[in-house]
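Structure record follows, encoded as structure tokens.
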């Protein structure tokens, strides 16, 4: 926290020599990447920088209201927004706009700087990053980054999968064939490219690459699944390799997205790969620990982290949690619990207080995060992707329904639900996660995107 504060104070001391626009962009970039010690530090900075109080207020607002990457600001499915509607009309909240024909894709949207970003494919040869105007949904630009990966997969779900990660003036997107691209947010111009397959010997699972890139400080982190480069850290400005993690016993890439966190004073990255969960040192990529008991037919659930406890769940296998304990020169992953009935579904899970909310197939449940005890479970229409905001869960089910459910360990309580109008026919399951930004809820089903006013 000290270094983050000093970094931001350095920006402020240089304020007389730089433009207001530049200073704002630097503060915003730091906020988005989690490098700034937020509230206490900003109070101190406001004392020494009265001229740019408006900039800081705007930066704080952007931090709270943007949804700049996979599963939100912290990649955990949690929004800090408050004052949202406590329930919806039967037909749903106010529809601000609906856009069709955006291209196929199962990935969610990211929202930042007045723009919406997504990955979509048009046929099997063209996978693109697209930018939309947040106010109107109008497409501003589209840039091809590659082709659809593993088009002959069985069962067959060939389409774009990941969510772009926005970091200041740049964004990072991973195509389903393993094409990683850094683009300018305003123009869509490509800054640099890498191939998970060609540059790192990467191997995806049967259903292609699905990961959404992680930005951590000056690094972009992805999981190629290669024998010598299971996980890689690249310079986010140039794409040059910083380190490669040799974790070949963990197999090919999974379908979850990598997470960063601190445990026992060590910064580490945890990835749910083909053969299980693995943690590596953020500084050099050396393996710290592994856990394989939740390896399933499809490892899709992005790890859920609470302190030194990490939860994972593999399809057709079950869910479990490990506690990370420092031992000698390394870290032991001690299993706290495992249960075949715990959440494993593609829609992920959110940890709210002491409880985990997620789906196992079409059963929504609340689980004590420390013990694994199921507090309640309720069958809903289909498995759902989940986000949390203002005391409530927002669900987008595989069959296209949107639900609001109370986030309480006391029992299941559906508050509201609706089905967006004009859903595209014959597009298969609705796997795109919901996104929440600036009081608006974004729901995607392949080529259709709905924007709802929920505040």
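The values are calculated or read from the model by the stated rules, or taken from the named source; none is laboratory data. On a predicted model such as this, the values are computed, not experimentally measured, just so you know. Backbone-built Cβ (ideal geometry, glycine too); neighbour counts: all protein chains shown.
Some notes on this structure:
- Criterion violated by residue 373 - all others in (1) touching a residue at least 12 places away in the same chain (Cβ under 8 Å); (2) touching a strand residue (DSSP E or B) at 6+ places or on another chain (Cβ under 8 Å) satisfied: (1)
- Conditions (1) within 22 Å of residue 111 (Cβ to Cβ); (2) surrounded by 18 or more Cβ atoms within 10 Å (Cβ to Cβ); (3) touching a residue at least 60 places away in the same chain (Cβ under 8 Å): number failed by residue 169: (2)
- Yes/no for residue 262 being farther than 15 Å from residue 225 by Cβ and either part of a loop (DSSP other than H, G, I, E, B) or not assigned by TED's automatic domain parsing to the domain that holds residue 208 (or both): no
- Among the strands (runs of 3 or more DSSP E) confined to the range 379-455, the ones with at least 2 residues that are surrounded by 19 or more Cβ atoms within 10 Å (Cβ to Cβ) and under 23 Å from the mean Cα position of the chain (by Cα) are located at 384-389, 392-397, 402-406, 435-437, 440-445, 448-453.
- Test set (1) at pLDDT 95 or above; (2) out of contact with any helix residue (DSSP H, G or I) (no Cβ under 8 Å at 6 or more places or on another chain); (3) surrounded by 19 or more Cβ atoms within 10 Å (Cβ to Cβ) - residue 263 fails condition number: (1)
- Residues satisfying the stated conditions in the range 177-210, i.e. under 23 Å from residue 297 (Cα atoms), in contact with a strand residue (DSSP E or B) (Cβ under 7 Å, 6 or more places away or on another chain) and touching a residue at least 60 places away in the same chain (Cβ under 8 Å): 209
- Verdict on residue 143 being assigned by TED's automatic domain parsing to the domain that holds residue 448, in contact (Cβ under 8 Å) with a residue 40 or more places away in the chain and within 19 Å of residue 103 (Cα to Cα): yes
- Of the strands (runs of 3 or more DSSP E) lying entirely inside the range 279-365, not one is found with 3 or more residues being under 28 Å from residue 432 (Cβ atoms), touching a helix residue (DSSP H, G or I) at 6+ places or on another chain (Cβ under 6 Å) and in the same structural domain as residue 223 (by TED's automatic domain parsing).
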